[in-house]
Amino acid sequence: MTTQSPHIVDLADVAHNTRRGGDLRAMLTPSTVGATSGFMGLALMRPGERIGEHYHPYSEEFVFVVCGDLEVDLDGTAHQLRPDQGLLIPRDMRHRFRNVGDTEARMVFHLGPLAPRPELGHVDTEATEPAEASS
């Protein structure tokens, strides 16, 4: 029998995070729901926006494209990602995402296992300038 109660988190209640590009929403995390094995969020990207290159030294990253047309660079090689496609990004692989379509893209992401401390979980390899998003 479990001692934890379920937690429902609404997207509207999650803080916007735009410092790495796009709008990253950390939905189900150690701080929001007491997660212990990883965390899940949603990336929202307007046309032309991108999430800067980075890697995760402790975690694999699972992504699933809900809507929109994305391009992902994996260790410098570009790949197309379309709705209803998923991708596993291995630990330590450099990656960045770009919305190459003309509508908002939404991508669910999950990282696990957790890094020993939150500040160790994500390593930026480039600065991210705000994109000129088309209207």
Subset of segment 78-121, residues in a loop (DSSP other than H, G, I, E, B) and either within 15 Å of residue 41 (Cβ to Cβ) or among the small types (Gly, Ala, Ser) (or both), comes to 101, 114, 115, 121
Every listed condition ((1) open to solvent by less than 50 Å² (accessible area, probe 1.4 Å); (2) farther than 30 Å from residue 5 by Cβ; (3) modelled with pLDDT under 95) holds for residue 101 save (3)
Picked from segment 1-24 (must be acidic (Asp, Glu) and out of contact with any strand residue (DSSP E or B) (no Cβ under 7 Å at 6 or more places or on another chain)), the residue least open to solvent (accessible area, probe 1.4 Å) is 10
Residue 80 vs (1) under 22 Å from residue 115 (Cβ atoms); (2) open to solvent by 60 Å² or more (accessible area, probe 1.4 Å): all pass except (1)
So the strands (runs of 3 or more DSSP E) completely within segment 25-77 holding 2 or more residues that are of a type in the set (Val, Ile, Thr) and touching a strand residue (DSSP E or B) at 6+ places or on another chain (Cβ under 9 Å) are 60-67
Given (1) closer than 22 Å to residue 30 by Cβ; (2) open to solvent by less than 60 Å² (accessible area, probe 1.4 Å); (3) not charged (D, E, K, R), residue 74 misses just (1)
Here the residues within segment 28-53 that are open to solvent by 20 Å² or more (accessible area, probe 1.4 Å) and in contact with a Phe, Trp or Tyr (Cβ under 8 Å, 6 or more places away or on another chain) are 28, 30, 40, 42, 50
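The values are calculated or read from the model by the stated rules, or taken from the named source; none is laboratory data. All values derive from a computational prediction rather than experimental measurement. Please note: Cβ atoms are built from the backbone with ideal geometry, for glycine as well, and neighbour counts cover all protein chains shown. To get the accessible areas, we keep the full protein, side chains included, count just its heavy atoms, and leave off ligands, DNA and RNA. Shrake-Rupley method; radii C 1.70, N 1.55, O 1.52, S 1.80 Å.
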